[in-house]
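The values are calculated or read from the model by the stated rules, or taken from the named source; none is laboratory data. Please read these numbers as outputs of a predicted model, since none were measured by experiment. Cβ placement follows ideal geometry from the backbone for every residue including glycine, while neighbour counts extend to all protein chains displayed.
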Amino acid sequence: MDGLALVKEKIRSIKDFPIEGIIFRDITTAIKDKEALREMINFLTEKFINKGIDYVAVIESRGFIFGSALAYNINAGCILIRKPGKLPAETISEEYSLEYGTDKLEIHTDAIEEGKNVIVIDDLLATGGTVGAACRLLKKAGANVKAAAFIIELEDLKGRDKLPSDVEVVSMVKY
């Protein structure tokens, strides 16, 4: 079995979660499998090795799993993007819309130097709200956001359409 097929097989689909009519793509069953986890990290590494990436920006919390391993593999630093109140030093933030209200992401004000090349990593691209906010936040901080990468993309939700046009979108498994 090839790596893509293995990863897709290991992602659990749960009907009617969190509400009726939704199929939840559960990545926890894939990350607990050592071969599937290796395939996911290798996929990301192959996409970004030797591409001049200075930092991998990781979105709380599942992005942390993939991003730190990727940063290590491509010899880049790692920037944490967190929910409000989780970072100890001075932060900048970006608010974004949810179905019912708003949320916010933060990074430290000294997280990145002007003009550095960054990729954003998360486990799943759905509506694009969170990663879109992450891209705007990084650009506000002076980053050159080169790409946003995901293990899973839910194509029907058209999240990639909400990302800046100059940001490459990379996804391993599409539903």
Residue in segment 52-66 that is farthest from the chain's Cα centre (by Cα), counting only those that are part of a helix (DSSP H, G or I) and touching a residue at least 24 places away in the same chain (Cβ under 8 Å)
Ile65
Check segment 20-28 and report whether any residue there is of a type in the set (D, E, K, R) and in contact with a strand residue (DSSP E or B) (Cβ under 7 Å, 6 or more places away or on another chain).
yes
Subset of segment 62-120 (residues that are farther than 26 Å from Ile27 by Cβ, touching a helix residue (DSSP H, G or I) at 6+ places or on another chain (Cβ under 9 Å) and of a type in the set (Gly, Ala, Ser)):
Ser93
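Being acidic (Asp, Glu) and more than 20 Å from the chain's Cα centre (by Cα) is the filter; apply it to segment 1-29 and report the residue that is farthest from Phe66 (Cα to Cα). Full working, then the answer.
Taking segment 1-29 and keeping what is acidic (Asp, Glu), we get 2, 9, 16, 20, 26.
Now drop any that are not more than 20 Å from the chain's Cα centre (by Cα), which leaves 2, 9, 16, 20.
On the way: Asp2: 20, Glu9: 19, Asp16: 27, Glu20: 29 Å.
So, considering only residues that are acidic (Asp, Glu) and more than 20 Å from the chain's Cα centre (by Cα), the one farthest from Phe66 (Cα to Cα) is Glu20.
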Hey, among the residues in segment 66-77 that are in contact with a strand residue (DSSP E or B) (Cβ under 7 Å, 6 or more places away or on another chain) and buried (at least 17 other Cβ atoms within 10 Å of the Cβ), which one's farthest from Gly115 (Cα to Cα)?
Phe66
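Could you count how many residues in segment 10-51 are of a type outside the set (Asp, Glu), assigned to a helix (DSSP H, G or I) and surrounded by 11 or more Cβ atoms within 10 Å (Cβ to Cβ)? Spell out the reasoning first.
Kept after step one, since they are of a type outside the set (Asp, Glu), are these residues of segment 10-51: 10-15, 17-19, 21-25, 27-32, 34, 36-38, 40-45, 47-51.
Among the residues that remain, those that are also assigned to a helix (DSSP H, G or I) are: 10, 28-31, 34, 36-38, 40-45, 47-48.
From what is left, the residues that are surrounded by 11 or more Cβ atoms within 10 Å (Cβ to Cβ) are 10, 28-31, 36-38, 40-45, 47-48.
Summing the residues that are of a type outside the set (Asp, Glu), assigned to a helix (DSSP H, G or I) and surrounded by 11 or more Cβ atoms within 10 Å (Cβ to Cβ) in segment 10-51 gives 16.
Per-residue answers, yes or no, for (1) assigned to a helix (DSSP H, G or I); (2) touching a strand residue (DSSP E or B) at 6+ places or on another chain (Cβ under 9 Å); (3) small (Gly, Ala, Ser); (4) surrounded by 19 or more Cβ atoms within 10 Å (Cβ to Cβ):
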position	(1), (2), (3), (4)
Ala134	yes, yes, yes, yes
Ala148	no, yes, yes, yes
Ile152	no, yes, no, yes
Asp156	yes, no, no, no
Asp161	yes, no, no, no
Ser165	no, no, yes, no
Looking only at segment 101-132, which residues are assigned to a strand (DSSP E or B), over 17 Å from the mean Cα position of the chain (by Cα) and among the polar types (S, T, N, Q)?
Thr102
Name the pairs whose Cβ atoms lie under 7 Å apart, with the first residue in segment 82-105 and at pLDDT below 95, the second of a type in the set (Gly, Ala, Ser) and surrounded by 15 or more Cβ atoms within 10 Å (Cβ to Cβ), and 6 or more positions between them or separate chains?
Tyr96/Gly129; Tyr96/Gly132; Tyr96/Ala133; Ser97/Gly129; Leu98/Gly129
For a quick check of your reading of the model, give me the residue pairs whose first member lies in segment 151-175 and is of a type in the set (Ser, Thr, Tyr), whose second is loosely packed, with under 12 Cβ neighbours inside 10 Å, with beta-carbon atoms closer than 6 Å and at least 6 apart or on different chains.
none
